[in-house]
Each structure stands twice: as C-alpha cells, then as structure tokens.
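A.B. asks: Can you read through this structure? Questions will come right after.
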Amino acid sequence: MSRFYVTTPIYYVNDVPHIGHAYTTVTADALARWHRLLGDDVRFLTGTDEHGLKIQRAAEANGVTPLEQADRTSARFRDTWAALDISNDDFVRTTEARHRHAVQTFLQRVHDNGWIEPKTYAGWYCVACEAYYTADDLDDGELCPIHGRPVEWLEEENYFFRLSAFEQPLLDWYEAHPDAVQPEGKRNEALGLIRQGLEDVSITRTSLDWGVPVPWDPGHVFYVWYDALINYATAVGYGADEAEFATWWPAVHHLLGKDILRFHCVYWPAMLLAAGEQPPHRLHVHGYLLVGGEKMSKTRLNQIFPADLVADFGVDGFRYHFLRDQPFGPDGDFSYEGMVTRYNTDLANNLGNLLSRVVTVVGKKCGGIGPAPDPDSPLAPVAAAAVAEVTAAWEAVTPSRALEATWRLVRDANAHLEANEPWKADPGPAVDRVLGDALEVLRIVAVLASPALTRAPTEIWRRIGLSGDPGSARVPDDVAWGGYPGGLAVTKGPALFPRLVAP
Ligand code: MSP
C-alpha cells in the first residue's frame, strides 16, 4: 500500500485564522481526501506554532500569559478547521510535551554530530518574521522587507547551526532530487539562495524564555523556527517511536506559502541532514492570496475570515472556490464577486441543475426508478478521460485542473441531455438510456468532487438511490463506467446549491 503524509505549515497563534491560512489547509485536506480515494494510507497533519517573541508580545498586549494566548488561539484554529470539514489525523501544538521531547532529541543529535557551536550574535531583527536581516536586506535601510515595519537591533550570546557546511550537501541533494520543490520556479529560487552562499545561523535565544529549553545549556531556548520545523517529525514519532518515524519519513509532502520557502527549502533539509535524516520528499510552494492586491495581514486590516464566507457560500462553496479559482502556485487575488460567479456557474447551474433535472425527469418518465446506464454511452469515454485527467492533476498538486476536468464532464452530461431532450420524449428504452447515463455521471462526479466538496456528494448519492459515502469509494475501480446499478428509487429535494444574488 502507498503511504501519503501531508502537512500544512503550523500557524502562529498571535493571530486568528483567516482565508490565507484556510487556503493552504483546504488544499492539504483535499489532497489527503484524494489519496484516501486512491486507497493510500494517509496521514494529514496541521497544528499551531506557539513559541517565540511574537507570541510572547501578543500575550503581553492581550494581558494574558503566553500559554493562555496559545490555548485560546490554537482552539480557534481547531474550531475553524472543524467548521471547514478539515480531516486532519493529528493536530500538533509546539507547547506539547511530545514536541518538546522531539525538538530536544533532534537538536541534541545535531549538536552531538558537531554541527552546533556557541557564538555572539548581533543583527537587525524583525519580530513579525522572527528573523534576522542584514542591513542590505532592509527596505529604506530600516524596514523589514516583508512587513515594512522597523526592525530592532538585537545582540545575544547564542548557539549557531553550521549551515555554511551544508552548501554542497544541499546542492548535491537537490541535484539527486530534481522534483523535490514544486513548482520548478520555486526550486530555482531555493537553489539560488543556496548558491548565494550560506552563513551559519543562530538557533537559540537567551533574551526570552518562551521556548523549548536547550538540553545541553538550559539558560537558552531554541529559536522558534528551529523548534517549529521539527513539528513535522514530532507527529510521526521522532525520538519516541523509531518504527513509526521510519514508516512515514522521508515520504512527506509539505505544503507552504512562498514567504517561508527559505526555512523549508534550505534550513529544514540542512537540519535533517545534520541530524542524520533524509530531507523531505516534496515541498509544494504556493503564492499569496491577495486582497485588493496586498497580502492579508493584521497590520493592513484586510483580513477576511472563513466563517463570514461560509455563512454566504456554505462549506462546499467555500472549499470549491479556493480549490478551483486560486491555482496552486502563483499569487491570486481574492474577489467576492468572482466567488459568486463561480458558485452560480459551476455549483448552482451546472452541477445543481444536472441533479435536479435528472431527478425530475426520472420521476416523470421512469416512475421515479433510476435506469441503468448504457455500456456504450458516448459519455463513457468522456468520463474515462475525466478520471485520467483528475488523477494526473492531483498527482501534480493542481486542484483547479482536477476540478476543471470534473466539471467538463458535468457540462458534457448536461449537453447530452439537451441534445436528447428526454423530458419531451415518450417513456421507453431511449429515454432510459439517456437518463441512466446522466445518473452514472452524477455517481462518478460525486466521487471525483469529494476531495473538494465534503457535503453535496453524499447528498447526490442519496438522491440517486445509492447508500454510503462517495468519499469512501476507491479510484479507479469505483469510477469506471457502468457502476450505477439501475432499479434504485430516485428522490427529489431542495436545490443543492441555491443560486446567489451578488449584493
Ligand atoms: N509559523 C510559521 C510556519 C512554521 S511551519 C514549520 C508561519 N505561520 S503563519 O501563520 O504566519 O503562516 C503560515 C502559512 O499560512 C503560510 O506559509 C501560508 O501557507 C499561509 N498563509 C498565511 N497568509 C497567507 C496569504 N495571505 N496567502 C496564502 N497563504 C497564506 O509562517
């Protein structure tokens, strides 16, 4: 059996979840659901990143302890993911004992292997990034290039990871694993960062205590990023269950935004090599979700919250939009109007109408009993082509392509109905064939759409007389043409996706 381990970044708990976070998480969820359809053994991890100066300051500003801040906000993430039907198998918090143990074990090994040494460090620090910058990196000589906020001068005695020693090993690893970073442009960006030359990096702090203590020098805590990255290993038993870890590592797929490429594509593989482990199998890097052309952030006051959109579009409408309209890779601009148009076109009109039409005509012409499809239907090869394209698209982590191919099948089924007009014809074998074909398309589409839509597919199956959950079907066997048995009672119901009117 194939294994599929997929992760999202773990989210900072200074800020509540917005649609940028949801975008990554919904994509990871859809991928996990696709791999479950394939019958893979799937592990899907998300979680929260709870240490560091940023969280400590947010807690101070809110008049709570850092742990209270983390407890509260981490719960907001968990609730949001539950409301979006996110099917994660685990949720890791970096304040958990299992994580502290994994971080200490991992970095102790790196230390024992000779890759960590003490040094004094001074530099420009951006608290929002939790990262040091050189003077050359700064905008206007004083602003963080990502946040546009003033940086601070920090000086500390701390431990350094000898990243510079990993320049060549990383280049060698990338050469041996040309597909490790997707898309290719991001691989080139990672290689560019490595080729520019790597400097040793500070991985501990003494200026704060909100972190995992350094096991060989307890006056220090690990810098939040070196604690955070290890979460991906914690959750599969690193340092606690070697057999479990060997089961899932290194065949992991990390999803991440382009803002954290350097940490995932340079530092993390180097740390793993230094600990004697293999770098991650795949790093899938995506662009920003922009609002009014800008990245969403608390400081820009342009955040949009998932619950507000779910209230208007439902969970399926929310998930469908982000997977279909925001191609994974480039930046994408969020548009409410675009979301309404997509919902009305694909969900209300194409899919919703196909179902309601078929169910109504089966009621009128077939006594409410769904006929079996024609084995030689002209839609059979169309469905087979859709299955092939959907499979290739998920394999390439291009959800928008997978959904486009699925909806092409929906449109072709509608066109087939319009060409044959079974609602005008007398009952008989010709009408049965056309309706049986449309029911079969609905059965298959419910399965193919189930990584994206978590609710409508089950309802489609119920209305066409099938029991069970399309999300538990198996691809490719259960999407082969001819699976709808016929002879099932087909039932009407309210509109699957009521049409929306833009405000
Ligand atoms: N805590 C770190 C990640 C540590 S992973 C070991 C962090 N957290 S974050 O909450 O600031 O952002 C995490 C991820 O959220 C981003 O990489 C990205 O995947 C997603 N996004 C946050 N804002 C986003 C947009 N506006 N657009 C798209 N994705 C966004 O960085």
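A.B. asks: Just checking, which of THR27, THR80, THR73, THR94 is closer than 29 Å to SER472 by Cα, crowded, with 22+ Cβ neighbours inside 10 Å and among the polar types (S, T, N, Q)?
C.D. replies: The match here is THR27.
A.B. asks: Which of the residues spanning region 173-187 are over 21 Å from the mean Cα position of the chain (by Cα) and either β-branched (Val, Ile, Thr) or surrounded by 11 or more Cβ atoms within 10 Å (Cβ to Cβ) (or both)?
C.D. replies: Once the filter is applied, which keeps residues that are over 21 Å from the mean Cα position of the chain (by Cα) and either β-branched (Val, Ile, Thr) or surrounded by 11 or more Cβ atoms within 10 Å (Cβ to Cβ) (or both), region 173-187 yields TRP173, TYR174, HIS177.
A.B. asks: In region 301-335, which residue that is among the hydrophobic types (A, V, I, L, M, F, W, C) and in a loop (DSSP other than H, G, I, E, B) is modelled with the lowest pLDDT? Spell out the reasoning first.
C.D. replies: Taking region 301-335 as the starting set, the residues that turn out to be among the hydrophobic types (A, V, I, L, M, F, W, C) are 301, 304-305, 307, 309-311, 313, 315, 318, 322-323, 328, 334.
Next cut, in a loop (DSSP other than H, G, I, E, B) only: 301, 304-305, 328.
Working: LEU301: 82, ILE304: 94, PHE305: 95, PHE328: 90.
Looking at residues that are among the hydrophobic types (A, V, I, L, M, F, W, C) and in a loop (DSSP other than H, G, I, E, B), I get LEU301.
A.B. asks: Please state which one of ARG149, ARG109 is over 22 Å from VAL221 (Cβ atoms), among the basic types (Lys, Arg) and surrounded by 14 or more Cβ atoms within 10 Å (Cβ to Cβ).
C.D. replies: Result of the check over ARG149, ARG109: ARG149.
A.B. asks: Hey, GLY317 hits all of (1) in contact with a helix residue (DSSP H, G or I) (Cβ under 8 Å, 6 or more places away or on another chain); (2) within 12 Å of the ligand (Cβ to nearest atom); (3) more than 29 Å from ASN231 (Cα to Cα) but one; which does it fall short on?
C.D. replies: Tallying (1) in contact with a helix residue (DSSP H, G or I) (Cβ under 8 Å, 6 or more places away or on another chain); (2) within 12 Å of the ligand (Cβ to nearest atom); (3) more than 29 Å from ASN231 (Cα to Cα), GLY317 fails exactly one: (2).
A.B. asks: I'd like the residue in region 274-290 that is surrounded by 20 or more Cβ atoms within 10 Å (Cβ to Cβ) and touching a strand residue (DSSP E or B) at 6+ places or on another chain (Cβ under 8 Å) and, out of all such residues, is farthest from GLU167 (Cα to Cα).
C.D. replies: Checked region 274-290; the qualifying residue farthest from GLU167 (Cα to Cα) is LEU289.
A.B. asks: Can I ask one more? Is it the case that TRP481 is surrounded by 15 or more Cβ atoms within 10 Å (Cβ to Cβ), assigned to a helix (DSSP H, G or I) and either at negative phi or modelled with pLDDT of 95 or more (or both)?
C.D. replies: So TRP481 does not fit the description; no.
A.B. asks: Can you tell me which of (1) part of a helix (DSSP H, G or I); (2) more than 10 Å from the ligand (Cβ to nearest atom) is the one ILE260 doesn't meet?
C.D. replies: Result: ILE260 passes all but (2).
A.B. asks: Follow-up question, since we're still on this one. Taking the criterion of being at pLDDT 95 or above, not in a helix (DSSP H, G or I) and not charged (D, E, K, R), would at least one residue in region 397-419 satisfy it?
C.D. replies: Step one: filter region 397-419 for residues at pLDDT 95 or above, giving 397-419.
Keeping just the survivors that are not in a helix (DSSP H, G or I) gives 397-398.
Adding the requirement that they be not charged (D, E, K, R) leaves 397-398.
Yes, some residue in region 397-419 is at pLDDT 95 or above, not in a helix (DSSP H, G or I) and not charged (D, E, K, R).
A.B. asks: Working only within region 287-298, note down all residues that are touching a Lys or Arg at 6+ places or on another chain (Cβ under 7 Å) and either outside any loop (DSSP other than H, G, I, E, B) or more than 11 Å from the ligand (Cβ to nearest atom) (or both). Quick ask: steps written out before the conclusion?
C.D. replies: So in region 287-298, the residues touching a Lys or Arg at 6+ places or on another chain (Cβ under 7 Å) come out as 287-288, 294.
Answer for region 287-298, where residues must be touching a Lys or Arg at 6+ places or on another chain (Cβ under 7 Å) and either outside any loop (DSSP other than H, G, I, E, B) or more than 11 Å from the ligand (Cβ to nearest atom) (or both): just GLU294.
A.B. asks: May I ask you to list the residues in region 229-256 that are hydrophobic (A, V, I, L, M, F, W, C), within 16 Å of the ligand (Cβ to nearest atom) and touching a helix residue (DSSP H, G or I) at 6+ places or on another chain (Cβ under 8 Å)?
C.D. replies: Once the filter is applied, which keeps residues that are hydrophobic (A, V, I, L, M, F, W, C), within 16 Å of the ligand (Cβ to nearest atom) and touching a helix residue (DSSP H, G or I) at 6+ places or on another chain (Cβ under 8 Å), region 229-256 yields LEU229, ILE230, ALA233, VAL236, TRP249, VAL252, LEU255, LEU256.
A.B. asks: Would you mind listing the helices (runs of 4 or more DSSP H) fully within region 1-115 where at least 3 residues are within 23 Å of TYR267 (Cβ to Cβ)?
C.D. replies: Filter on region 1-115 gives 19-37, 53-62, 97-112.
A.B. asks: Now, a different point. Taking the residues in region 77-113 that are among the small types (Gly, Ala, Ser) and touching a residue at least 40 places away in the same chain (Cβ under 8 Å) as candidates, determine which candidate is nearest to ALA28 (Cα to Cα).
C.D. replies: Result: SER87.
A.B. asks: Within the group SER400, SER377, which residue is within 30 Å of PRO183 (Cα to Cα), touching an Asp or Glu at 6+ places or on another chain (Cβ under 8 Å), touching a residue at least 24 places away in the same chain (Cβ under 8 Å) and hydroxyl-bearing (Ser, Thr, Tyr)?
C.D. replies: Among SER400, SER377, only SER400 is within 30 Å of PRO183 (Cα to Cα), touching an Asp or Glu at 6+ places or on another chain (Cβ under 8 Å), touching a residue at least 24 places away in the same chain (Cβ under 8 Å) and hydroxyl-bearing (Ser, Thr, Tyr).
A.B. asks: Considering (1) exposed (fewer than 13 other Cβ atoms within 10 Å of the Cβ); (2) touching a residue at least 40 places away in the same chain (Cβ under 8 Å); (3) within 14 Å of CYS366 (Cβ to Cβ), say which one PRO429 fails and leave the rest.
C.D. replies: Looking at each condition in turn, PRO429 falls short on (2).
The values are calculated or read from the model by the stated rules, or taken from the named source; none is laboratory data. This one's a predicted model, so the numbers in the text were calculated from it and none came from an experiment. Cβ atoms come from the backbone with ideal geometry, glycine included; neighbour counts cover every protein chain shown.
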